[in-house]
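What follows is a single structure, written as structure tokens, with notes after it.
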Amino acid sequence: MLKNHQSSQITMGIIGVRLCALFVLLGVTACQSPPTTSAPSLDAPSPVESQPMADGPVLLGAGITLRKVIEVGPGNIRLVRNPADGDVYLLDSAGGIFRISDISASATRDKVASLREIEGTPTGMAFGPDGTLYAVLNTTVDEKMTQVVVRKGVPNDQGRFTWETLASSEPYPLSNTYYDHLYNGIVVSPNGQWIYINGGSRTEHGEVEDNGGAFPNTRDVALTSKILRLPTSAAKLVLPNDEAALMADGLIFARGTRNAYDLAFAPNGDLFAVDNGPDADYPDELNWIREGLHYGFPWRFGTQDNPQQFANYDPPKDLHLQSGFYATDNGLYHNDPGFPEPPSAFTDPVVNHGPDAMKYRGEDGQEYDAYAQGKALSTFTPHRAPLGIVFVTDSELPAQWRSEGDTFSAFMLSWGAAGGTLSDKGQDLLHLQLTKTGDNYEATSTEIARGFQNPIDAVLIENRLYVLEYGGNGAIWELTFE
């Protein structure tokens, strides 16, 4: 999350992804002994480091080359590929949607949709297999409420899009805090029939957020802390702020996500989502998202209990609370007798066996490395803010980077920690190997580049990974795997 907050809704939506500056959560109970067949060797050699460009990231390992494609300016938040024309599209939070043509060579940029055409500032966008573009917007209503609007852009013969409203929600309460995560992440199903959108929480960790007394005793509501599934054939669908009505309409796909800022389908059609943790030192998550399941928020972070739900909670004794995060410094963790009872069952995050992104805060308040201890973590070091997950599907990549059989290969970015004392700050690129084990997945995670400036999204084309930076001059970097 970012320490320096902007007032725009787009930035507030990113805040949930840690574009605010408030997360610190993890703990030793998130660790468990991994199967010896899944854990990497503790004797793995140190990576070879190189920095091909003085202002660029550091590469960790051989066989990777780096090129700066273009600088697009700060504040760009999405980079997606249109499967219909093969071009890459950029979402500029201040200027609209741009097509980047010939990204592997001269990389020219032209606007294909203005904010006026879209009728708002999108926080997320995704293409269907036929080139239809779906954009997620959040609109303030009467200052204290917000609503999500999903716009559908059908390609026209001018190389632009004709826009219509696919769905919009009833207004629901803003908390008017850093924790209005809003709607942002969106992905289209491989068959093009459904879109899945992330409704971020309106709380930091399930506390009452009454917006100056406007909404007494209000925590999260029916439209928050969920992933919704909507038919792409819908037109002006209304999303009610009512749990029973959402269920009756078949719109709730999964519950208990805090802020699943990025979603992606694996090659076998399984849906995954990154999820950013709270201001206490508990883990960030990678989840295999399945219909009807609950992923724990606000009662759990990773596999650890949110202590505020317990009657004897004493914040001064909670060593997962570290100074430098808004919620911890301003008393949002407190004894809370009204905290609601949890539902009956939760689904665990993907288990990480490392070797990287494995730091955690122990019950004694000290930092530990789960990998060095031969333990696993559920899933990543607190406050790394995972983003931009991309699955490998192209055989153009060298064998070490490809998916193989039941093991899926993916790349994942980290926005980076905004504070805290844990040594793993992110702002890097991880390579993940995901293997289904029983009723969940297990992962290995290896850092292959670091030193980006708040990387926020990525696109993979053949053997080239394009990484978009939110910070600095908004560079797009090309990493080629030889």
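The values are calculated or read from the model by the stated rules, or taken from the named source; none is laboratory data. The structure displayed is predicted, hence computed values, not measured ones. Cβ atoms come from the backbone with ideal geometry, glycine included; neighbour counts cover every protein chain shown. The area values use the complete protein model at the heavy-atom level, side chains included, leaving out ligands, DNA and RNA. Shrake-Rupley method; radii C 1.70, N 1.55, O 1.52, S 1.80 Å.
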Residue 121 vs (1) within 15 Å of residue 199 (Cα to Cα); (2) of a type in the set (S, T, N, Q); (3) open to solvent by 30 Å² or more (accessible area, probe 1.4 Å): all pass except (1)
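In the set 318, 270, 305, 281, which member is closer than 22 Å to residue 390 by Cα and of a type in the set (D, E, K, R)?
On the way: 318 fails: closer than 22 Å to residue 390 by Cα; 305 fails: closer than 22 Å to residue 390 by Cα; 281 fails: closer than 22 Å to residue 390 by Cα.
Result of the check over 318, 270, 305, 281: 270.
Against the condition at pLDDT 95 or above, closer than 30 Å to residue 351 by Cβ and of a type outside the set (Val, Ile, Thr), how does residue 79 come out, does it pass? Please lay out each step first, then the result.
Numbers: at pLDDT 95 or above: yes; closer than 30 Å to residue 351 by Cβ: yes; of a type outside the set (Val, Ile, Thr): yes.
In short, yes.
Could you list all residues from the range 144-160 that are surrounded by fewer than 12 Cβ atoms within 10 Å (Cβ to Cβ) and modelled with pLDDT of 95 or more?
Initially, the range 144-160 is screened for residues surrounded by fewer than 12 Cβ atoms within 10 Å (Cβ to Cβ), giving 156-159.
156 - this is the single residue of the range 144-160 that is surrounded by fewer than 12 Cβ atoms within 10 Å (Cβ to Cβ) and modelled with pLDDT of 95 or more.
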Subset of the range 372-414 [of a type in the set (Ser, Thr, Tyr), modelled with pLDDT of 95 or more and more than 20 Å from residue 287 (Cα to Cα)]: none
Residue pairs within 6 Å by beta carbon, gap of at least six or interchain, first lying in the range 230-254 and buried (at least 17 other Cβ atoms within 10 Å of the Cβ), second among the hydroxyl-bearing types (Ser, Thr, Tyr), listed first then second, are 239/169; 241/172
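Let me confirm something: among 393, 435, 421, which residue is hydroxyl-bearing (Ser, Thr, Tyr), part of a strand (DSSP E or B) and either under 18 Å from the mean Cα position of the chain (by Cα) or over 21 Å from residue 61 (Cα atoms) (or both)? Even if it seems obvious, please write down each step before you answer.
Numbers: 393 fails: part of a strand (DSSP E or B); 421 fails: part of a strand (DSSP E or B).
Checking each option against the conditions leaves just 435.
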Hits in the range 460-482 (condition: open to solvent by 10 Å² or more (accessible area, probe 1.4 Å), closer than 21 Å to residue 102 by Cα and not in a strand (DSSP E or B)): 462, 463, 473, 482
Out of curiosity, is residue 410 under 18 Å from the mean Cα position of the chain (by Cα) and within 15 Å of residue 273 (Cα to Cα)? yes
Go through the range 280-380 and tell me which strands (runs of 3 or more DSSP E), entirely inside it, have 3 or more residues that are open to solvent by less than 40 Å² (accessible area, probe 1.4 Å) and in contact (Cβ under 8 Å) with a residue 60 or more places away in the chain. 285-289, 351-355
Identity of the residue in the range 215-229, open to solvent by less than 40 Å² (accessible area, probe 1.4 Å) and polar (S, T, N, Q), that ends up nearest to residue 275 (Cα to Cα): 225
Does residue 209 satisfy the criteria of being under 30 Å from residue 325 (Cα atoms) and open to solvent by less than 10 Å² (accessible area, probe 1.4 Å)? no
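Which residue, of 336, 305, 369, 318, is farther than 25 Å from residue 430 by Cβ, in contact with an Asp or Glu (Cβ under 9 Å, 6 or more places away or on another chain), modelled with pLDDT of 95 or more and of a type outside the set (A, V, I, L, M, F, W, C)?
Numbers: 305 fails: in contact with an Asp or Glu (Cβ under 9 Å, 6 or more places away or on another chain); 369 fails: farther than 25 Å from residue 430 by Cβ; 318 fails: in contact with an Asp or Glu (Cβ under 9 Å, 6 or more places away or on another chain).
Residue meeting the stated conditions: 336.
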With criteria (1) closer than 23 Å to residue 417 by Cα; (2) open to solvent by 40 Å² or more (accessible area, probe 1.4 Å), residue 276 comes up short on (2)
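Condition first: in contact (Cβ under 8 Å) with a residue 60 or more places away in the chain, part of a strand (DSSP E or B) and open to solvent by 10 Å² or more (accessible area, probe 1.4 Å). Now tell me which residues in the range 172-206 satisfy that. Let's see the steps before the verdict.
If we filter the range 172-206 for residues that are in contact (Cβ under 8 Å) with a residue 60 or more places away in the chain, which is where we start, we get 172, 178-192, 195-198, 200-201, 203-206.
In the following step, the residues that additionally are part of a strand (DSSP E or B) were identified as 172, 183-188, 195-198.
Matches in the range 172-206: 186, 187, 188, 196.
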Which residues, taken from the range 443-454, are open to solvent by 30 Å² or more (accessible area, probe 1.4 Å) and within 25 Å of residue 346 (Cβ to Cβ)? 444
Exception for residue 267 within (1) under 21 Å from the mean Cα position of the chain (by Cα); (2) open to solvent by less than 40 Å² (accessible area, probe 1.4 Å) falls at (2)
Looking for whichever is surrounded by 21 or more Cβ atoms within 10 Å (Cβ to Cβ) and among the charged types (D, E, K, R) here; the options are 457, 439. Which one fits? 457
If you go through the range 93-112 one residue at a time, do you hit one that is polar (S, T, N, Q), buried (at least 19 other Cβ atoms within 10 Å of the Cβ) and within 23 Å of the chain's Cα centre (by Cα)? yes
Look at the range 438-453 and say how many of its residues are farther than 27 Å from residue 406 by Cβ and part of a loop (DSSP other than H, G, I, E, B). 3
